[in-house]
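See below for the structure under consideration.
The values are calculated or read from the model by the stated rules, or taken from the named source; none is laboratory data. Worth saying up front: this structure is predicted, and the values here are computed from it rather than measured. We place every Cβ from the backbone using ideal geometry, glycine too, and count neighbours over all the protein chains shown. Accessible surface is based on the protein model in full, side chains and every heavy atom, while ligands, DNA and RNA are left aside. Shrake-Rupley method; radii C 1.70, N 1.55, O 1.52, S 1.80 Å.
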Amino acid sequence: MSILNFRKTFLAKIQSRLNQIDVNTSTDEQLLIAGALIKQLDAVNQINPVSVDTLAIIDNLSGAELDELALDPDSYAHVINIIKNTAVMTVIARSPSTMAAISASAEWIKLINAETSAINIIVSSNTAMNALASSETARTTIGTTNGNLFSSIKINNTALAKLIAGYAGKNPANYADIASLFALANDVNAIASNATARSLSTSIAVAFDIAKTISMVMAKLIAATAGLNASDFNDMAALSANNGAMTTISTHTAALGLLAQSNVALAAVFTSYSNRLLLWNSANAIAVLLDVARTYLLSISTQLTFYPEYPAIQLSKKVWILRVYAADGSTSGNTSYKYINGAGTVNSLTEPVNTLYTVSSPYLPGSSRSKASILEITSTYTGAGSGFNRANYSYLQMEA
């Protein structure tokens, strides 16, 4: 019988005995017995199942027993006192056995989540985080509570690495930071294959800011997000060279979202014209990449300078227009180009760009106006003098 159950049972039995005594008709012997019972009732009632002097008892309690202590009205206050005591929590956070026991208790994790000083101690302790990250109960409670404890872990490089490792089925003690977590292909395969570990790696800046710079990591995260086998791809070169994989990715919004945030991934994909054409043919890809990756795309784009006297047809290849602007301070007129309407394969509608768009405030075509199968440009810019009135187009050629 646990201490908590002993106390409850003992108190209930003594109270039942006392309730049976009629003081008015009791003998002296019965009154002496009643007094002794009252004294014992008071003594046992003051016993706390867990006390600062007996923290070692936590190690021998199950998660269910610790939950019971945290939920019991008489023990709750004492549990709170332990969690609020920074000296005691510091000792607890250094003890692998005590932290393992606490990590099995959802109720203790919830109480820690509500105490800032305890959170700081836990998150800063490798021992404590190893225990929490290794416990499914602790991980689930931290995630579903989604409170201050989770928030603190998300901004701590070491704590987050251990939590991700735990979700991926790895030993959290083996990882000191995110860089070490992403160092080995097998570890990243495990992370990419676990939905929660992958989500933490891609949605939290502390992790993703590192992930997006590593070709191997991005290949596996993008592949797994698109429903592919992460272990099939060693780096972005391998992923971008696989036409089947790229076909899947080109229409997968979440995978495209990861691709768009990583210059390493974008560089590998855009080296291939077959990949460019896959993306060009995907309205979804055009929308996502323009929204997230336009700055990178502009860095690898070609600039075409067009004067009013130039012939209208400039390019016969499929192109992706990223930016248009008047280069010479023209005061009137428009430059116009034809873009694809819907899924058509020829130019259909004309988009005028007036002289108000400059290098500092260019015209940035949206996804519905950015594709041209045969780029036709005209211009009526005037006002900047002879030899000027230039219209500048930044574009990517999307087929060989």
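Annotations for the structure displayed:
- Within the listed set Gln261, Gln15, Gln314, the Gaussian network model of the chain (springs between alpha-carbon atoms below 10 Å) gives the highest mean-square fluctuation for Gln15.
- The shape of the stretch 155-205 comes out rounded: with a ≥ b ≥ c from the C-alpha gyration tensor, a/c is under 1.5.
- Cβ-placed point charges (K, R +1; D, E -1), dipole of the stretch 113-193 about Cα centre in debye, nearest 20: 40 debye
- Cα centroid of the stretch 65-112 to Cα centroid of the stretch 150-166, whole Å: 20 Å
- Magnitude of the charge dipole for the chain, about its Cα centre and with charges confined to Cβ atoms of Lys, Arg (+1) and Asp, Glu (-1), is about 1300 debye.
- Reachable lysines from Lys39, criterion Cα separation under 26 angstrom, eight or more residues apart if same chain: Lys8, Lys13
- Within the stretch 164-287: Cβ-based charge dipole about Cα centre, in debye rounded to nearest 20 (Lys, Arg +1; Asp, Glu -1): 160 debye
- If you sort the three axes of the alpha carbon gyration tensor as a ≥ b ≥ c, you get a/c under 1.5 for the stretch 207-271, which makes it rounded.
- Dipole orientation for the chain: of the candidates Thr295, Ala114, Ser75, Thr295 has the Cα lying most toward the positive pole (charges on Cβ; Lys, Arg +1; Asp, Glu -1).
- Here the 3J(HN,Hα) profile of the stretch 206-212, calculated from phi with Karplus coefficients 6.51, -1.76 and 1.60 at θ = phi - 60°, is 4, 8, 6, 4, 8, 4, 5 Hz, Gly and Pro shown as x.
- In this structure the chain gives 45 Å² per residue of accessible area when probed at 1.4 Å with all protein chains present.
- Cα-based Rg of the stretch 171-235 normalised by 2.2 N^0.38 Å, two decimals: 0.98
- Straight-line reach from Lys371: taking Cα to Cα under 13 Å and skipping same-chain neighbours fewer than 8 places apart, the aspartates and glutamates in range are Glu351, Glu399.
- Carbon and sulfur %, accessible surface of the stretch 302-400 computed with the full protein complex present, 1.4 Å: 51 percent
- Of all lysines in the structure, those lying under 18 Å Cα to Cα from Lys154, and not within fewer than 8 positions of it along the same chain, are Lys110, Lys162, Lys212.
- Longest exposed-site-free window of the chain, the sites being GluC sites (Glu not before Pro) in a DSSP loop that have at most 16 other C-beta atoms within 10 Å: 1-308
- Comparing Thr25, Thr251, Thr335 in a Gaussian network model of the chain, where Cα atoms under 10 Å apart are tied by springs, the biggest mean-square fluctuation is seen for Thr25.
- Cα gyration tensor shape for the chain, rounded if a/c is under 1.5, else prolate or oblate: prolate
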